[in-house]
Amino acid sequence: MKSNIFNAILLATPLILAGPVMAGNPAHVQQLLDTGLCQGCDLSNEDLRYAHLIGSDLREANLEGAILIEANLEGADLTGANLEGANLTGAMLTNASLNDSNLDNVNLASAIIYDADVTGASMENLNITNAQIFNTGIGVGGAKPTP
């Protein structure tokens with residue numbers, strides 16, 4: 001009996017010590033969904049899959065780790081936003097502004113990205129598997145070889 005209790009405590013300890021995953025600000029999520037205006041909002045780790053965010057103002061927003069699977073971000077302004085580690089699988093980013101944003105470790109698999117502006121954006125370790133990317137400065141490859 002004692003060993004069963006000890007084993008249960010031993011197995012539960014990592015779960016207790018890990019604590020909950022911190023999410024963004026629920027009031028900011030509601031503001032975004034109600035108005036489309038959320039400049040500087042904390043939306044980190046929020047689940048915004050399938051959200052219709054067409055033309056939203058997300059300048060300087062924190063979307064680190066956010067789930068934006070199949071979200072519609074057409075014409076959204078994400079200038080200076082932090083999207084590090086966000087999941088944008090199947091998202092639509094046509095005519096979006098991603099100037100000076102952090103796109104490091106972002107999953108853009110199967111995303112549709114036409115005419116997006118990524119000037120000055122950090123784009124380390126992007127997943128662009130099966131993404132449709134046209135007229136946007138995202139591509140496969142590295143530095144040009146020196147002649």
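Only one of the listed residues (GLY90, GLY80, GLY65, GLY24) is modelled with pLDDT of 95 or more, more than 19 Å from THR136 (Cβ to Cβ) and of a type outside the set (A, V, I, L, M). That residue is GLY65. Screening ILE9 with (1) more than 22 Å from ILE112 (Cβ to Cβ); (2) at pLDDT 95 or above gives one miss only, at (2). Would it be correct to say that ASN130 is exposed (fewer than 14 other Cβ atoms within 10 Å of the Cβ), under 18 Å from GLU64 (Cβ atoms), more than 13 Å from the chain's Cα centre (by Cα) and modelled with pLDDT of 95 or more? Considered against the rule, which asks whether it is exposed (fewer than 14 other Cβ atoms within 10 Å of the Cβ), under 18 Å from GLU64 (Cβ atoms), more than 13 Å from the chain's Cα centre (by Cα) and modelled with pLDDT of 95 or more, ASN130 comes out as no. Selection within the range 73-85: residues that are assigned to a loop (DSSP other than H, G, I, E, B) and farther than 17 Å from HIS52 by Cβ. The member of this set that is nearest to the chain's Cα centre (by Cα) is LEU83. On inspection, ALA91 does not qualify as in contact (Cβ under 8 Å) with a residue 40 or more places away in the chain, within 23 Å of ALA23 (Cα to Cα) and crowded, with 21+ Cβ neighbours inside 10 Å.
Contact annotation: residue pairs with Cβ atoms under 9 Å, 6 or more positions apart or on different chains, pairing a residue in the range 103-126 that is farther than 17 Å from ALA66 by Cα and in contact (Cβ under 8 Å) with a residue 24 or more places away in the chain with a partner that is among the small types (Gly, Ala, Ser) and not in a strand (DSSP E or B), are ILE113/ALA91; ILE113/ALA96; ILE113/ALA131.
The values are calculated or read from the model by the stated rules, or taken from the named source; none is laboratory data. Remember, it's a predicted structure, so these values are computed and weren't measured experimentally. Positions of Cβ are generated from backbone atoms using ideal geometry, with glycine treated the same way; all protein chains shown enter the neighbour counts.
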